[in-house]
């Protein structure tokens, strides 16, 4: 498994409750761009529409060496491949207030298949974000002090 892209803001903006692995329906040129790490997950999200899951706003740069045939929109909506049981479970959770589906990372499996990890998340409030930053700074300071003492 080779990680191609990660959503670094996801853990800062959301409390991730569970994660799901899904396949993505891509065109050939898009697969080559993803494998070359020409992808961005900024502001992307997933939505369930009529028992299917779609990913919005994931940007895949057009492949440089393409023939000129496939001119796809880099931010088009892409279908995600999940099992029906998982989709039903996600639908039940999303109908609850405040839950959303966000992509956490995109990777290429050992078999060469592009996969995405979706997180079922609930948005953090402003004070929760500040608290997380404070805790992270305290942890870093403690590590720095421990390192100095051990010298």
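Scaling the Cα radius of gyration of region 2-124 by the globular reference 2.2 N^0.38 Å produces a ratio of 1.05.
A simple spin-label model places the labels of residue 59 and residue 109 2.9 nm from each other, with each point 7 Å out along Cα-to-Cβ.
Gain on full extension, evaluated as 0.36 nm per residue between residue 76 and residue 148 minus their Cα-Cα distance, stands at 20.9 nm. Subtracting the Cα-Cα distance from 0.36 nm times the residue separation, let me have the gained length for residue 132 to residue 37 in nm, one decimal. Result: 31.2 nm gained on full extension. Please report the spacing between the Cα centers of region 129-150 and region 28-69 in Å, no decimals. Using only Cα atoms, the two centres lie 37 Å from each other. Rounded to the nearest 10 degrees, the angle from helix 84-95 to the longest Cα principal axis of the chain is 60 degrees.
The numbers here are math on the coordinates, done by the rules we state, and not lab data. What you see is a predicted model; the values in this text were computed from it and never measured. Reconstructed Cβ throughout: ideal geometry from the backbone, glycine too, with neighbour counts over all protein chains shown.
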